[in-house]
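Colleague: My questions will all concern the structure given below.
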Amino acid sequence: MSEVYRPVGGKLLTRQFYFLIVLSLIAAYFLGRRFIFGIGDVSNLSDGYPWGLWITYDVVTGTAIACGGYAMAVAVYVFNKGQFHPMVRAALLTSVFGYTLAGASIIVDVGRYWQLYNVFLPQHANLNSVMLEVALCVTLYTLVLWIEFSPAILEAMKANRALRMLRHILFFFIGVGILLPTMHQSSLGSLLIIAGHKVHPLWQSDIIPLLFLITAITMGYGMVVFESLYASVNLGRKLETDLLAKVAGVIPWLLITYLVLRIGDLVVTGDIAALAEPGRPQVLFALEMLLFGYAILSLLSRERRIHPTHLFWSALAVVLAGALYRFDAFLIAYNPGPGWHYFPAVGEMMITLGVISVEIMAYLFFVKKTPVLAAGH
Amino acid sequence: MKIDRRDFCKVVVAGAATALSGGVAEARPPKELPPGAVGILYDATLCIGCKACEVGCKEANDMPMDHTSCAEQAYGVSAVWDAPDDLNSRTMNKVKAYAQGTAEVKDRPHDGYSFIKRSCMHCVDPDCVSACPVSALTKDPVTGIVQYDPDACIGCRYCQLACPFNIPKFEFDKPFPKIVKCQMCAHIQAEGGIPACCDACPTGASLFGRVPDLLQEAHRRLAFKPGERQSYPIHNLDGGETRMAEVHGYHPKVYGETETGGTQYLMMAGVPLENLGMPALGSESRARLSETIQHGLYQGMMAPTLLLGGLVYAVYRNTAEDREDPPEAAAGKAQKAEEVRDE
Ligand code: SF4
Ligand code: SF4
Ligand code: SF4
């Protein structure tokens, strides 16, 4: 398991990169407005929809998409699938930026950001709050991710002494790095329990922590596959179809477990009856089922799995299905009562796009300039 | 690096068992009404919609006038009046009218109308208090008033998501925003006074008192016959002031007696409260369920600690090679990568 990683090299400032820079600058403009004139100036958030695109995408969906590092660590270190080891570092890279930027988005979304440190003060802690757990876990995990990823940076800096030291303690951080996402990815779902009737019965559930956890892991694997395919096409890397097919092979079983639990719970609680009424939530539910169903069917067969095109679309479906599930639960099927509507404002969307751009730029920078992708396969 | 899942599995199973046993562990007991709980009884059949309570509220709490109403914006007018459409970040107390059909007679479900006065319900088991990560919202252990501390608040707005009545409001239009909600004029009560809305109300529709006494008063009213003339206390249940009024007839329910585990702001009306925009809620707070599930999973951090032990051990076993210092890799030189092995 002592692969060698190498920077991909190549030009950083490509056309696409300039485009991403422009997007980030637009976001910076709206960010400026948000901090000068308040959240209402750039967003359509309201007292009925206190959480919008920023929480639902940047934090809830963004960290789930960034679960690649977590999902690969579970496979490699818990289930001892050593053959996946060469993929861990690239997965960690997306995780590092996904989480770091989710943390940064929280500063934008939270109204009284200058008091955010209260979350860390024991005299303020409310141990009954799911939000406290999420906040502490996500912060801690972001730090752990940087530690887990630091060998790549240290290698690039040729800081050999630090590297040697790190190698002896890294296992501890890897362990913590598996525990923390298990905790907060499930708690991100638990956040909704207290909202009660505002969350549509097809999504409100007492087992929502488990449902969020399972889909977060599948989204993590989905992203690893997706991103490897991307790297092979756009960065001229050799395609590791065999390995990717193996990673993708876990997904359908996880998704089947998820669907059995989710639908079983709906049947047991009787909330399945909500499907009988026609309406937007029912359509969304059906759409989710279609995406999940497509992903399961196309990833179950090995022939399709080793086919890069199929693999690409199924991985995308896995990520989209999990993302739609989160958007529905937090936003689209969330109903605070009559008279409230929400659709993200331009400023809100631009800020989110900016966050995504920064994420991609950081990915490109690190992949090209530091040893992240395993060399010579 | 041979697979040794057995040891690991033992630990994981132990951890999972602890976590799962939490699922069937006892639910967190419901919260009790604090010993000195004070509250407000709002009787829609007495309310004349004069909004004296709104004015009193704004004065007592130094709140600005509001010009966001649809009417003002549609006609482009704005003047010295205060006309919010609903509760908002400048309005902590709001009287609204609901009409049905021809809306001829007051306090009648069909072809009738009714007022409703909305503000924080001061829940016995408040979801907002359970949700707030930094204890910015707290319930007074004696009076039960749910209060807000801006110095603690981070502005995450989880309280808004949690509150079943959509009460906490947020200053989206300010760069340094706060949460705004009724605090039952705690500052006036501290000086021996009563909430400004009850002080201002001329009819006794908003009545201040201790919660058990208010409940008793509410049930006394439910026994009244429509058309009778009855004596109604005004301002303060213990203040001794009363007034005679004709009974309009009641929908047989005190809203807040059981809803979401009970509330200290109680409501009664001539029509079902659901018609007046109040949510139909069960007798258990969501806070209780949320805390039961969350604490059940974590078992006072026992489950995560066990799991962490198992994980670190498993990782330790599976990274033995990584910990050895490879002769050259440390130099960061590119080497030929090892062949990918299958298990
Ligand atoms: S009504 Fe809402 S804001 Fe008021 S105490 Fe209850 S949960 Fe909290
Ligand atoms: S907005 Fe403030 S009061 Fe509300 S939950 Fe967040 S920290 Fe607590
Ligand atoms: S002051 Fe009393 S009567 Fe007037 S609107 Fe308020 S509650 Fe109704």
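Colleague: Tally the residues that are open to solvent by less than 10 Å² (accessible area, probe 1.4 Å) and farther than 16 Å from A:Ala66 by Cβ, restricting the search to region A:311-332.
Modeller: Residues flagged as open to solvent by less than 10 Å² (accessible area, probe 1.4 Å) and farther than 16 Å from A:Ala66 by Cβ within region A:311-332 amount to 8.
Colleague: From the list A:Leu116, A:Leu179, which residue is within 25 Å of A:Arg34 (Cβ to Cβ), assigned to a helix (DSSP H, G or I), at the interface with chain B (Cβ under 7 Å from one of its Cβ atoms) and more than 16 Å from ligand 1 (Cβ to nearest atom)?
Modeller: Exactly one residue qualifies, and that residue is A:Leu116.
Colleague: While we're looking at this one, here's another question. Among what's in region B:31-47 and is open to solvent by 40 Å² or more (accessible area, probe 1.4 Å) and away from chain A (no Cβ under 14 Å), pick the residue that is nearest to ligand 3 (Cβ to nearest atom).
Modeller: Per the stated criteria, the residue is B:Leu33.
Colleague: Residues B:Cys182, B:Cys163, B:Cys153: which one is within 30 Å of A:Phe37 (Cβ to Cβ), hydrophobic (A, V, I, L, M, F, W, C), away from ligand 1 (no atom under 12 Å from the Cβ) and touching a helix residue (DSSP H, G or I) at 6+ places or on another chain (Cβ under 8 Å)?
Modeller: B:Cys153
Colleague: Still on this structure: For the condition within 16 Å of ligand 2 (Cβ to nearest atom), of a type in the set (D, E, K, R) and within 14 Å of chain A (Cβ to nearest Cβ), what is the one hit in B:Asp151, B:Asp140, B:Asp86?
Modeller: Criteria check complete, one pass: B:Asp151.
Colleague: Pairs please, first residue from region B:174-193 and more than 17 Å from B:Ala60 (Cβ to Cβ), second anywhere and in a loop (DSSP other than H, G, I, E, B) and of a type in the set (Gly, Ala, Ser), Cβ atoms under 7 Å, 6+ apart in sequence or on different chains.
Modeller: Correct list of pairs: B:Lys174/A:Gly38; B:Pro175/A:Gly38; B:Pro177/A:Gly38; B:Pro177/A:Gly111; B:Pro177/B:Gly155.
Colleague: Could you count how many residues in region A:144-157 are open to solvent by 80 Å² or more (accessible area, probe 1.4 Å) and either in contact with a Cys (Cβ under 6 Å, 6 or more places away or on another chain) or at pLDDT 85 or above (or both)?
Modeller: Residues that pass the stated criteria total 1.
Colleague: Do the conditions hold for A:Ala216, that is, is it away from chain B (no Cβ under 14 Å), closer than 27 Å to B:Leu308 by Cβ, assigned to a helix (DSSP H, G or I) and of a type in the set (Gly, Ala, Ser)?
Modeller: Judged against the criteria, A:Ala216 is a match.
Colleague: Mind checking which residues of region A:192-202 are open to solvent by less than 10 Å² (accessible area, probe 1.4 Å), within 14 Å of chain B (Cβ to nearest Cβ) and within 19 Å of A:Pro281 (Cβ to Cβ)?
Modeller: Answer for region A:192-202, where residues must be open to solvent by less than 10 Å² (accessible area, probe 1.4 Å), within 14 Å of chain B (Cβ to nearest Cβ) and within 19 Å of A:Pro281 (Cβ to Cβ): A:Leu192, A:Ile193, A:Ala195, A:Gly196, A:Lys198, A:Val199.
Colleague: Scan region A:241-258 and give yes if some residue there is of a type in the set (D, E, K, R), in contact with a Leu (Cβ under 9 Å, 6 or more places away or on another chain) and surrounded by fewer than 24 Cβ atoms within 10 Å (Cβ to Cβ), otherwise no.
Modeller: no
Colleague: Please verify whether B:Asp43 is at pLDDT 95 or above and away from ligand 2 (no atom under 16 Å from the Cβ), treating the condition exactly as stated.
Modeller: The answer is yes for B:Asp43.
Colleague: For region B:99-176, give me every one of the strands (runs of 3 or more DSSP E) that falls completely inside it and has 2 or more residues that are open to solvent by less than 10 Å² (accessible area, probe 1.4 Å), within 16 Å of ligand 3 (Cβ to nearest atom) and within 24 Å of B:His251 (Cβ to Cβ).
Modeller: Counting at least 2 such residues, we get B:112-118.
Colleague: Does A:Val42 satisfy the criteria of being in contact (Cβ under 8 Å) with a residue 24 or more places away in the chain, in contact with a Ser or Thr (Cβ under 7 Å, 6 or more places away or on another chain), among the β-branched types (Val, Ile, Thr) and farther than 22 Å from A:Leu235 by Cα?
Modeller: no
Colleague: Separate question: Consider region A:282-300. How many of its residues are open to solvent by 20 Å² or more (accessible area, probe 1.4 Å) and under 11 Å from A:Ile251 (Cα atoms)?
Modeller: Going through region A:282-300 one residue at a time, the tally reaches 2.
Colleague: Go over the candidates B:Gly22, B:Gly56 one by one and state the one that is in contact with a helix residue (DSSP H, G or I) (Cβ under 7 Å, 6 or more places away or on another chain), at pLDDT below 90, more than 16 Å from ligand 1 (Cβ to nearest atom) and assigned to a helix (DSSP H, G or I).
Modeller: The conditions single out B:Gly22.
Colleague: So if I check each of A:Leu154, A:Leu140, A:Leu132, which one is in a helix (DSSP H, G or I) and more than 9 Å from chain B (Cβ to nearest Cβ)?
Modeller: A:Leu140
Colleague: Continuing with this model, one more query. Would you please name the residue that is farthest from ligand 3 (Cβ to nearest atom), looking only at residues in region A:89-102 that are within 18 Å of A:Leu353 (Cβ to Cβ) and open to solvent by 10 Å² or more (accessible area, probe 1.4 Å)?
Modeller: Ranking the qualifying residues of region A:89-102, first place goes to A:Thr94.
Colleague: Which of the residues that make up region B:191-223 are open to solvent by 10 Å² or more (accessible area, probe 1.4 Å), under 23 Å from the mean Cα position of the chain (by Cα) and either within 16 Å of ligand 1 (Cβ to nearest atom) or modelled with pLDDT under 95 (or both)?
Modeller: Scanning region B:191-223 gives a single hit, B:Cys197.
Colleague: Could we say that A:Leu275 is touching a residue at least 12 places away in the same chain (Cβ under 8 Å) and open to solvent by less than 60 Å² (accessible area, probe 1.4 Å) here?
Modeller: no
Colleague: List pairs: first residue in region B:119-133 and more than 7 Å from chain A (Cβ to nearest Cβ) and away from ligand 2 (no atom under 14 Å from the Cβ), second residue part of a helix (DSSP H, G or I) and of a type in the set (Ser, Thr, Tyr) anywhere in the structure, Cβ distance under 9 angstrom, at least six positions apart or on different chains.
Modeller: From residues that are more than 7 Å from chain A (Cβ to nearest Cβ) and away from ligand 2 (no atom under 14 Å from the Cβ), the pairs are B:Met121/B:Thr260; B:Cys123/B:Thr260; B:Val124/B:Thr260; B:Asp125/B:Thr260.
Colleague: Go through (1) without any contact (Cβ under 8 Å) to a residue 24 or more places away in the chain; (2) among the charged types (D, E, K, R); (3) away from ligand 2 (no atom under 14 Å from the Cβ) one by one and return the number of the condition A:Arg112 breaks.
Modeller: It is condition (3) that A:Arg112 fails.
The values are calculated or read from the model by the stated rules, or taken from the named source; none is laboratory data. Predicted model only: the values in this text are computed from it and were never measured. In this analysis, Cβ positions are derived from the backbone assuming ideal geometry, glycine residues included, and neighbour counts consider all displayed protein chains. Quick note on the areas: whole protein, heavy atoms, side chains included, nothing else; ligands and nucleic acids left out. Shrake-Rupley method; radii C 1.70, N 1.55, O 1.52, S 1.80 Å.
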